[in-house]
Amino acid sequence: MDERETTAVIDRTLAGDPLTTGYPAERELQELTLALSAERPAPDMVFVAELDERVREGFPRVRGNPFARVQGALAARSFGRPPMALMGGVASLLLALLLVVSLTSGSDDDPASTSIVGAGDNASGAREMARPGVDVGEPTPSRRFSRARMDDSISSPLAPVPPRRDGFAPGTRDRRIQRSASLTLAAPADELDSVAADITRITERHRGFVLSSSLTTGDEGATTGGDFELKIPAARLQPALADLAKLGQVRARTQSGEDVTAHFVTAGDRLEAARAERGNLLTRLEQATTDLEAESLRLQLDANAGEINRLHGRIRNLRISTDYATVGVVLEARNGDESAAPGDGLGGALDDALDSLGDSLELAIRILGVLIPLGALAAALAFAARALLRRRRESALS
Amino acid sequence: MDPRLDRSKGVNEAIAEPMPALTQAGKAETFEALYRRTLPRVYAYVAALLHDRATAEDVTALTYERAYRKRRGFSALRGTREAWIFGIARNAALDELRRRKRQAKLEVEPGDLAAPAIDDLADLTVKRETVRAALATLDARERELVALKFMAGLSNSEIARVIGVSESNVGTRLHRTVNKLREACDGRA
């Protein structure tokens, strides 16, 4: 008799089928089944009556004894099994949130680089530039995604240079930075003249000056564009750029800075040395005894004076170039189909929607990238804990 | 109105509330009906594991209380009601066994004498002694299997759900255990 037959005979016998007489092995198993089922302990009638009553009452909790209620609640739980899946899920969620927060705050672009070229970011660009204390070189979260779409951006270091203790000019106050910026503005063709005038007006308002300007005209005599080279005090560069950006649609924007402190300090040192040399030559000239010696010293003094003048000029140029930032502005006429700013109208709304969708997808992917492995880990832990608990329970049978 | 009566009415409604899954007949079964249908078998199984009437009664009562509290969590996808209630009983009994740090011996106390097909009293006594002696040769897991099959009357698939093995494994174990019992009985005869 195989396993299936054994099970079938037992089940039939337990179901009340009559005993067979033909097969001794089957008959023997049937009798064994009946004998074993006859060994079934029966519950005491008093116990059954009491339990019936409790079942009818719905297992009421003990009143007036908070400890008993707690015990009852614990007893009703899944047999002391710790809610590992729940705890694992909560822990995973917390970890995921922590990681997402750290990723989003730490995944910002390199703050030392600035890319400021935008395909028509008029309003938002102007707003950001106009914000006090905001360096245009520092990317803001709201701008991060749109910046990824800028394909022709130029990056340049603009972040404040940390003070060098072993360098030429320790401390930031003495640093000399040559700053330059460029803007490409687009404005309606019929407003180009007024925009050009506004550029000059804004430059003067910020105590700068127009180094050069040129306007181009088309066949019909109307202005079609222009180029401006402005000098604006370095301290007023950001507010001036913000004001300029308000004049039209910003199509491109770059900024760069070059630290020339070393050149400045070197020129100053050399000037001091030249002056000392001049004093020395003058002393020797007073003490000269022969005409030949005096003539030689005069020639050296002439060369020394030329060197001093050259160094003076160099230092003056460096000072001017660092006190004033150079701003190049290119003015372009905007086509008719570009009359609406990108943030306006249906097209702008669609762009914004796509941007938002991209941001949401990016965030969702990051969260999933954290949640999936953590969830798998939590599930594995819950499974292992359950298996361990089962083994511990079944150890009672060993 | 007496608040006790009112509370009692609410409780009765609760236990009469159908459990989530349907029976084979397609009707929702109340917890009370499940209790009445399974109590003798659950008690028999627990008593067989614990070999202590008082403790078996406590564990049986605890089993039904836990089942009552968790009745809304029952899912037919994870087995029948019998498998569910016997799973609860098994966990409670094993916890009790582990707590008391003792082995349960299936030396069954006198049970139901109204067993069928045993026609001779002397023969009955001899057979019982033989069966009990044969049961004593089994290990704890085999005795649990005997209790689930012959005293609780579960199908192999239900037993598989309760003890966490496959149905075919239950069939194999049952076949092996029955053969062992038969050999033990033959040896005594």
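Values in this text are rule-based calculations from the coordinates and carry no lab data. Small disclaimer: the values here were computed from a predicted structure and weren't measured. Cβ sites come from the backbone with ideal geometry, for glycine too, and all protein chains shown count toward neighbours.
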Next item on the list: Have a look at the stretch A:233-382 and give its Rg and Dmax from the Cα atoms, expressed in angstrom.
Entry: 32.4, 105
Check: Could you put A:L311, A:L381, A:L94, B:L97 in order, starting from the residue whose Cβ has the fewest other Cβ atoms within 10 Å?
Finding: A:L94, A:L381, A:L311, B:L97
Next item on the list: Pop the C-beta distance of A:L285 and A:E258 into the FRET formula with R0 = 35 Å and round what comes out to the nearest 0.05.
Entry: 0.25
Next item on the list: Please report B:Y43, A:Y23, B:Y68 as a ranked list, fewest other C-beta atoms within 10 angstrom at the top and most at the bottom.
Entry: A:Y23, B:Y68, B:Y43
Next item on the list: Let me know the mean shielding of B:136-145 by other chains, meaning the per-residue number of their Cβ atoms within 10 Å of its Cβ.
Entry: 1
Next item on the list: Apply 1/(1 + (r/R0)^6) to the Cβ-Cβ distance of B:N179 and A:L94, taking R0 = 41 Å, and write down the FRET efficiency to the nearest 0.05.
Entry: 0.15
Check: What is the fewest-to-most order of B:K70, B:K127 by other Cβ atoms lying within 10 Å of their Cβ?
Finding: B:K70, B:K127
Note to self: I'd like the FRET efficiency for A:S180 and A:L381, computed as 1/(1 + (r/R0)^6) with the beta carbon distance as r and R0 of 60 Å, rounded to 0.05.
What the structure shows: 0.55
Notebook entry, point to check: Per-residue mean of other chain beta-carbon atoms within 10 angstrom of the beta-carbon, peptide A:28-35?
Noted result: 6
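On average, how many beta carbons from a partner chain sit within 10 Å of the beta carbon of a residue in B:166-179?
Partner Cβ neighbours, averaged per residue: 3.
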Checklist line | Amide H within-cut-off set for A:I177, under 5 Å, with H built and near neighbours excluded | finding: A:V260
Next item on the list: Please list A:245-251, B:146-152 highest first by mean number of surrounding beta-carbon atoms within 10 Å per residue.
Entry: B:146-152, A:245-251
Notebook entry, point to check: With each pseudo-label sitting 7 Å past Cα toward Cβ, what's the A:I372-B:D186 distance in nm, one decimal?
Noted result: 5.9 nm
Next item on the list: For the stretch A:313-324, take each phi angle, set θ = phi - 60°, evaluate the Karplus expression 6.51 cos²θ - 1.76 cosθ + 1.60, and give the result in whole Hz per residue in order, putting x for glycine and proline.
Entry: x, 5, 5, 5, 4, 4, 5, 5, 5, 9, 6, 10
Check: How far is it, in nm, from the label point at A:A305 to the one at B:A76 when both lie 7 Å from their Cα along the line to the Cβ?
Finding: 11.4 nm
Note to self: Under 20 Å from a point placed 7 Å out from the Cα of A:D190 along the Cα-to-Cβ direction: which residues of the stretch A:225-256 have their backbone N that close?
What the structure shows: A:225-226, A:247-249
